[in-house]
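Peer 1: My questions will all concern the structure given below.
Just so you know, all these numbers are worked out from the coordinates, no wet-lab data involved. Computed from a predicted model, the values in this text were never measured in an experiment. Note that we place each Cβ from the backbone using ideal geometry, even for glycine, and neighbour counts take in every protein chain shown.
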Amino acid sequence: MNWTKAKNIAKLGGALAISAGASVLVLECPYFNISLFLKCNVDFHYNAISMSATIGGFLFTGISILISTLEKSRIKRLWDYNYLDNLYRAAFIGISANVVTLVVALLVILLDIKEKIQRIFVSVEIASIITSLVFFIWSIRLMLFVISRLKDKE
């Protein structure tokens, strides 16, 4: 494994650790009460579905933009030397987290489940929202890098 790939994997692991840490901090915070989300009826879950679908669409569009720019020699070189690996990996992790949010939110809305299980589902839903936001922000930062390389003269 070359140095760039190892560095990319380390950064990806760091981003996963940040999203997991942020999720634990939020869910374990004494000021955060999951019971309030259960009292929101289904409004929170519908909003989570809307937000996740929107962010997932943006991430998918970012991957499409990346693929369409591979014909540029500068971007192709970055791709060939693994500098853009984390862009598509971050986008795929973000999309996966959004799919988890969608599935869990739909399960909470459609199924009549006990409150204890609902609390677990809501915790998973919130953690996946945080993960999707972390990787969405990271993907934006990486896309700005690609765009800046496109603006440079070849």
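Peer 1: Given the criterion under 14 Å from SER128 (Cβ atoms), of a type in the set (A, V, I, L, M) and in contact with a Leu (Cβ under 6 Å, 6 or more places away or on another chain), identify the matching residue among ILE55, ILE95.
Peer 2: Numbers: ILE55 fails: in contact with a Leu (Cβ under 6 Å, 6 or more places away or on another chain).
Testing whether each residue is under 14 Å from SER128 (Cβ atoms), of a type in the set (A, V, I, L, M) and in contact with a Leu (Cβ under 6 Å, 6 or more places away or on another chain) leaves just ILE95.
Peer 1: Across region 50-61, what is the number of residues that are touching a residue at least 60 places away in the same chain (Cβ under 8 Å) and either aliphatic (A, V, I, L, M) or surrounded by fewer than 21 Cβ atoms within 10 Å (Cβ to Cβ) (or both)?
Peer 2: 4
Peer 1: Also: For region 81-89, check the following and say yes or no: at least one residue is out of contact with any Phe, Trp or Tyr (no Cβ under 6 Å at 6 or more places or on another chain), without any contact (Cβ under 8 Å) to a residue 60 or more places away in the chain and either small (Gly, Ala, Ser) or more than 18 Å from SER139 (Cα to Cα) (or both). So that I can check it myself, show each step before the final result.
Peer 2: Just the residues of region 81-89 that are out of contact with any Phe, Trp or Tyr (no Cβ under 6 Å at 6 or more places or on another chain), to begin with: 81-89.
Restricting the remaining residues to those that are without any contact (Cβ under 8 Å) to a residue 60 or more places away in the chain gives 87-88.
Subset that is either small (Gly, Ala, Ser) or more than 18 Å from SER139 (Cα to Cα) (or both): none.
No, region 81-89 has no match at all.
Peer 1: Does SER64 meet the test of being among the hydroxyl-bearing types (Ser, Thr, Tyr) and over 18 Å from the mean Cα position of the chain (by Cα)?
Peer 2: On the way: among the hydroxyl-bearing types (Ser, Thr, Tyr): yes; over 18 Å from the mean Cα position of the chain (by Cα): no.
Taking the combined requirement at face value, the residue does not satisfy it.
Peer 1: Which fully enclosed helices (runs of 4 or more DSSP H) of region 29-118 have 1 or more residues being polar (S, T, N, Q) and within 23 Å of LEU16 (Cα to Cα)?
Peer 2: 43-68, 85-110
Peer 1: Scan region 62-95 for residues that are among the hydroxyl-bearing types (Ser, Thr, Tyr) and either surrounded by fewer than 14 Cβ atoms within 10 Å (Cβ to Cβ) or on the phi > 0 side of the Ramachandran plot (or both) and jot them down. Full working, then the answer.
Peer 2: At the first step, the residues of region 62-95 found to be among the hydroxyl-bearing types (Ser, Thr, Tyr) are 64, 68-69, 73, 81, 83, 88.
Once the filter is applied, which keeps residues that are among the hydroxyl-bearing types (Ser, Thr, Tyr) and either surrounded by fewer than 14 Cβ atoms within 10 Å (Cβ to Cβ) or on the phi > 0 side of the Ramachandran plot (or both), region 62-95 yields SER64, SER68, SER73, TYR81.
Peer 1: Restricting attention to region 21-43, report how many residues are touching a Ser or Thr at 6+ places or on another chain (Cβ under 8 Å) and either surrounded by fewer than 13 Cβ atoms within 10 Å (Cβ to Cβ) or of a type outside the set (Val, Ile, Thr) (or both).
Peer 2: Of region 21-43, the ones touching a Ser or Thr at 6+ places or on another chain (Cβ under 8 Å) are 23, 27, 34.
Next cut, either surrounded by fewer than 13 Cβ atoms within 10 Å (Cβ to Cβ) or of a type outside the set (Val, Ile, Thr) (or both) only: 23, 27.
Count: 2.
Peer 1: A further question follows. Of the residues that sit in region 1-19 and are within 18 Å of the chain's Cα centre (by Cα) and touching a residue at least 12 places away in the same chain (Cβ under 8 Å), which one is farthest from VAL122 (Cα to Cα)?
Peer 2: So the residue we want is ASN8.
Peer 1: Could you please find all residues in region 119-154 being of a type in the set (D, E, K, R), surrounded by fewer than 21 Cβ atoms within 10 Å (Cβ to Cβ) and assigned to a helix (DSSP H, G or I)? Explain how you work it out, then say what you get.
Peer 2: Initially, region 119-154 is screened for residues of a type in the set (D, E, K, R), giving 119, 125, 141, 149, 151-154.
From what's left, surrounded by fewer than 21 Cβ atoms within 10 Å (Cβ to Cβ): 119, 141, 149, 151-154.
Across region 119-154, the qualifying residues are ARG119, ARG141, ARG149, LYS151.
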